[in-house]
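> Sending over a structure as structure tokens; questions will come in a sec.
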Amino acid sequence: RAVPPAVGNDPLGGANPPGLPRVLINHAGRIQFIQLPDKMLQLVEWNRIWREIFTDGRPLPPDPDPAWYGYSVGRWEGNEFVVDTIGLDSRAWVDQEGHPKSENARVQERYRRLHRDNLQLTVSVTDPDMYAKPFGGDSRVMFRLQPNTPEGGFTEDIFAPLDEDAFNERVRN
């Protein structure tokens, strides 16, 4: 279901972070990239999420501590920005449908600008502990260039534990 019941097992139901790749697949209505000399910062409007994607040529670490958004390195392959992420917290689902992942999951994102106004994201997940083969590489998320808000940036769209009861009454229940 798109909206899990209030007493369901969705980790997002306790106002926990969606984690990666779920935030990009199901919750990223608007994103921004900020390019720095050694990294790319990715900002997601929903819940004011930001992550570091290192672009200085470093390899992925052999055994990073698990985190909601993992440890990410990026590189350019022609016109595609490719991001590999490991060290993901297994408590977060892959997507809204409830696909699980282990701490050995690896996520690859491929960003490609189709033309000036459209950015295409392809996400694939490899997790030998959970799945016999990689999945998700055939599904795409589209982002459309949007003018800034009158305020000049993202709106505040935060899902906080204080909002959980009202959300359950209004939507889930």
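The values are calculated or read from the model by the stated rules, or taken from the named source; none is laboratory data. The model shown is predicted, which means the values in this text are computed figures rather than measured ones. Glycine gets a Cβ as well: all are built from the backbone with ideal geometry, and neighbour counts include every protein chain shown. Quick note on the areas: whole protein, heavy atoms, side chains included, nothing else; ligands and nucleic acids left out. Shrake-Rupley method; radii C 1.70, N 1.55, O 1.52, S 1.80 Å.
> Starting from the range 106-117, take each residue that is of a type in the set (Val, Ile, Thr) and list its partners that are assigned to a strand (DSSP E or B) and open to solvent by less than 50 Å² (accessible area, probe 1.4 Å), counting only C-beta distances under 6 angstrom and pairs at least six apart or across chains.
Hits for this filter: Val107/Thr85; Val107/Val125.
> Also, I was wondering about something else. Does the range 72-119 hold any residues that are of a type in the set (S, T, N, Q), open to solvent by less than 20 Å² (accessible area, probe 1.4 Å) and either in a strand (DSSP E or B) or closer than 20 Å to Leu43 by Cα (or both), and which are they?
Within the range 72-119, Ser72, Thr85 meet the criteria.
> Would you tally the residues in the range 54-71 being open to solvent by less than 50 Å² (accessible area, probe 1.4 Å) and in contact (Cβ under 8 Å) with a residue 24 or more places away in the chain?
Total satisfying the criteria: 4.
> Scan the range 30-51 and give yes if some residue there is of a type in the set (Phe, Trp, Tyr), surrounded by 15 or more Cβ atoms within 10 Å (Cβ to Cβ) and within 22 Å of Ser139 (Cβ to Cβ), otherwise no.
There is at least one residue in the range 30-51 that is of a type in the set (Phe, Trp, Tyr), surrounded by 15 or more Cβ atoms within 10 Å (Cβ to Cβ) and within 22 Å of Ser139 (Cβ to Cβ).
> Here are some conditions: (1) under 16 Å from Lys101 (Cβ atoms); (2) out of contact with any helix residue (DSSP H, G or I) (no Cβ under 6 Å at 6 or more places or on another chain); (3) open to solvent by less than 40 Å² (accessible area, probe 1.4 Å). Pro18 meets all but one. Which one does it not meet?
Result: Pro18 passes all but (2).
> Can you tell me how many residues in the range 120-146 are within 13 Å of the chain's Cα centre (by Cα), open to solvent by less than 20 Å² (accessible area, probe 1.4 Å) and not β-branched (Val, Ile, Thr)?
Residues that pass the stated criteria total 1.
> Right, another one. Looking for something in contact (Cβ under 8 Å) with a residue 60 or more places away in the chain and either assigned to a loop (DSSP other than H, G, I, E, B) or not aliphatic (A, V, I, L, M) (or both) - is there at least one such residue anywhere in the range 31-45?
Among the residues of the range 31-45, at least one is in contact (Cβ under 8 Å) with a residue 60 or more places away in the chain and either assigned to a loop (DSSP other than H, G, I, E, B) or not aliphatic (A, V, I, L, M) (or both), which makes the answer yes.
> Name the residue, out of Arg172, Arg144, that is in contact with a Pro (Cβ under 6 Å, 6 or more places away or on another chain) and either among the charged types (D, E, K, R) or at pLDDT 75 or above (or both).
Arg172
> Are there any pairs with C-beta distances below 6 angstrom linking a residue in the range 154-173 that is over 21 Å from Arg48 (Cβ atoms) to a residue that is part of a loop (DSSP other than H, G, I, E, B) and open to solvent by less than 40 Å² (accessible area, probe 1.4 Å), with the two at least 6 apart or on different chains, and if so which?
That search, which allows pairs on different chains as well, returns Asn168/Ala6; Arg172/Ala6; Asn173/Ala6.
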